[in-house]
Amino acid sequence: MKIMNNDRMLSQIDSFFVAYQERSGLLMQLGAELELKGTLNPDLLREMLRQLVNRWPQLGQTLRRRLFGVSWGGPVQMENMLHMAGHAEELSAWRNRPINPFREPPFQLLWITGQPGGRAENILAFRAHHSLLDGLGLLYICRRAMHFLADLTAGETPEPLKGRIPQKTFSEMLNPRKAIRRGKIKKMWGYLRQMSAEATAGRSARLAVRRCEPGDIASCEHKLDKNRTHELRKYAAAQQVSPLWLGVAAWMKAIDKWNTGQRGPGNSLISIEIPVSLRGKFSDNTCIGNFISPLVLFGDASQPTVTLAGLLRRQFLKGVKDGAHLAIPFFTAPGKYLPWRLYRRMVITPSSTGFATSHFTWFDQNQDLYEEISRRSGGTLEIVAQHIHAPVCLHMGAALFVMALPDRIQMSITHRLNALPKEDARRLMDLFVQELLPLSKALGSQETLSRKGFLPPEAKLK
C-alpha cells in the first residue's frame, strides 16, 4: 500500500523513546489487549487496519533518518501489521518482542483465535512503539479501530475518507509564546534544575526490587466491580478529594510498606512521575505523537492517606500553574533537529530516564467501550475483558496504570519479571488495594478479595 508525501517529523520527545530503547535494551512500547466474543476473519481485520492507515498512515510506516532529525515516511507496510496465532500462551512473547521502528510498522495487531473452552473466542492484542503514540493516543486509536470493526461486522460501511487526517505538531501543543507571555520561564528553568539535581541526589526511596536490568514484562491486575467503584467514589467525595489523588497516595504508601517489608524501616520519601496531557480536547487530529510531559511529585508515605492525597493534589496544581510540566519539552525542543547519531548519544542522562520511585497513570474513560462495541455491532461482538501494559523505566521496576470507567475501575501493575516476579507483584497490588479502600483492610487474603468484589486476573488529572 503506497501513500506518499506525508512524512511526519518526530518531536524530541518522540525521538527519545527510540534512543532509550536502543541505548538501554528496555522495551519502549505500549499494549492494549481485548478479549472478544464473536466471529472474526482476516479480511475484516485487514479492512479495519486499512481504515486506520488511510487516516493515520504513520501507523504503518517506518522511521527515516534525515539530515536533521528523524521522521515517519515511506509506503505503508500493511503486510507487516497483522499477525496471527492460535494460542493465548503466545501473548507473552508478543508483548516482549521489541519493535524496531526503523524496519517495521510501529503499530501492529496480533489476532489469536480459536480459544476452546475459554471465556473469549478471540484476542486482539494491539501494540505500538512509544515514539508513535502515548498511552492516551493508543487507547484512542484502539477505540477507533474497534468502532470500525464493530461497523464492519454489523454490515455497515465506515464513512469514506477523502484524505489523511492532518495532525497537530508538538510545537503547536506546547505554545512557547504563551509560556513566555505569562512569565513562566524562570520557574520552568528552576524546575528543570531541581529535577537534574534530584536525579543524582537520590533523596527519594527506590522500589525494592530483585534486579535492576532489562528483562521481560508482565502485568498484575485487580478490578473493582460496580459496588466497590461506587464505594470508592463515595468515600473520596466524603473526604473532599478525588479518587485519582487517593490512588496516588495509596500507591506511595503501598510502595513504602513493600520496601519496609523487604528492607526494614527506612526512607519514606516517595517520588511519583505523573504524565500531564498537553492536548486539551482529544480528537482525530491529536492522535499521532507524544503530547504528554512528566511532573514529578514528592510525598512522605508515613502520613495518612487522605492527608497525603490533599498535599499531592496541591503540589500538582502548583506545578501546573508554574508550568513545571512544560520545562523539559520547552527547553529540549531544539533537540529534534539534531542528526540522529548525535541526538542518540546526548539524550540519555540520569534525569531523562526516569529517576522517580515509580510511575502512576490514571485514565478517565467516560464512555464504556464494552457497551459501545456491543451496540455498534448489533450484538455480534462483545468485549469480555481488556488489559493494558506500558514501558517500565530501568530504575523503577514497576508502574501502575488505572483505567476508571463510570461503573468499574481496573488497576494494572506492569512490572519486569526480573525486578518483581509475579508473586511479588501480587503482594504489591494487595498492599495498594488495601490502602486505596479503608474497608479492604478487613478483607484479608487474595481469595477473600475476589469474593468481595476485587476480581484478580496521558492522564486526565483533576
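Just so it is clear, none of the values below were taken in a lab; they were calculated from the coordinates. Everything numeric here is computed off the predicted structure, so don't read it as measured data. Glycine gets a Cβ as well: all are built from the backbone with ideal geometry, and neighbour counts include every protein chain shown.
Electrostatic bookkeeping for G114 treats Lys and Arg as +1 and Asp and Glu as -1; over the other residues with beta carbon under 15 Å from its beta carbon, the sum is -2.
Take each peptide in 431-438, 395-402, count the other Cβ atoms within 10 Å of every residue, and average; sorted highest first, the result is 395-402, 431-438. Residues with beta-carbon under 12 Å from that of D14, excluding D14: net charge, scoring Lys, Arg +1 and Asp, Glu -1? Around D14, the charge tally is +1. Taking a straight Cα-Cα cut-off under 18 Å and skipping sequence neighbours fewer than 8 places away in the same chain, the aspartates and glutamates within cross-link reach of K336 are D7, D14, E22, D134, E172.
Need one number: the % of Cα-Cα pairs in the chain sitting beyond the 33 Å mark. Roughly 35 percent, once rounded to a whole number. Each Lys or Arg adds one and each Asp or Glu subtracts one; over the other residues with Cβ under 13 Å from the Cβ of L269, this totals 0.
Here the Karplus curve 6.51 cos²θ - 1.76 cosθ + 1.60, taken at θ = phi - 60°, turns the phi angles of the range 141-156 into couplings of 5, 5, 4, 5, 4, 5, 4, 4, 5, 4, 4, 5, 5, 8, x, 8 Hz, with x standing for Gly and Pro. Along the range 423-435 the Karplus relation, 6.51 cos²θ - 1.76 cosθ + 1.60 evaluated at θ = phi - 60°, assigns HN-Hα couplings of 5, 5, 4, 5, 5, 5, 4, 4, 4, 5, 4, 5, 7 Hz to successive residues, with x for each Gly and Pro.
Rg then Dmax, both in Å and based on the Cα atoms of the range 8-153: 15.4, 54.
Measuring between alpha carbons in the structure, the pairs from K226/K318; K234/K422; K257/K422; K168/K281 lying more than 23 angstrom apart are K226/K318; K234/K422.
Residues whose amide H lies under 5 Å from that of L10, counting only those 5 or more places away or on a different chain, are V70, S71, W72; hydrogens are built 1.01 Å from N in the peptide plane. Going from the fewest other Cβ atoms within 10 Å to the most, the residues M173, M252, M146 appear in the order M173, M146, M252.
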